[in-house]
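To keep things clear, I will list the structure first and then write my remarks on it.
Only the coordinates and a few stated rules stand behind these numbers; no lab work does. On a predicted model such as this, the values are computed, not experimentally measured, just so you know. Backbone-built Cβ (ideal geometry, glycine too); neighbour counts: all protein chains shown.
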Amino acid sequence: MESRVCPDCGAQMETGVILDFGHNQVRQSHWQPGTAEVATFFGIPIGGGTIKIDTKKMLPVTTYRCTGCHLLRSYAE
């Protein structure tokens, strides 16, 4: 992955990920096009507002942190 420079202060940015926690799992955040839709099972919403996903369209999110001003910039590359 290419080196990135902070758009605010010009310092180098380091690569990282923002983690999602749930059901005894820790995963990398993902981006999916469209709006959030509640998942259903035979028309009944699945518990806790679970969001419908399309794994074919999901992209992992990489987040860069500025080593100078600590700005975070996230990209679905």
### Summary
Charge dipole of the chain built from unit charges on the beta carbon (Lys, Arg +1; Asp, Glu -1), centred at mean Cα; most positive-end Cα among P7, L59, I44 is I44
#### Entry: Listed peptides 52-60, 40-48 by packing density, highest first (mean Cβ within 10 Å)
52-60, 40-48
### Query
What's log10 of I(q)/I(0) for the chain at q = 0.15, 0.21, 0.22 Å⁻¹, Debye sum over Cα points only, no solvent?
-0.67, -0.98, -1.02
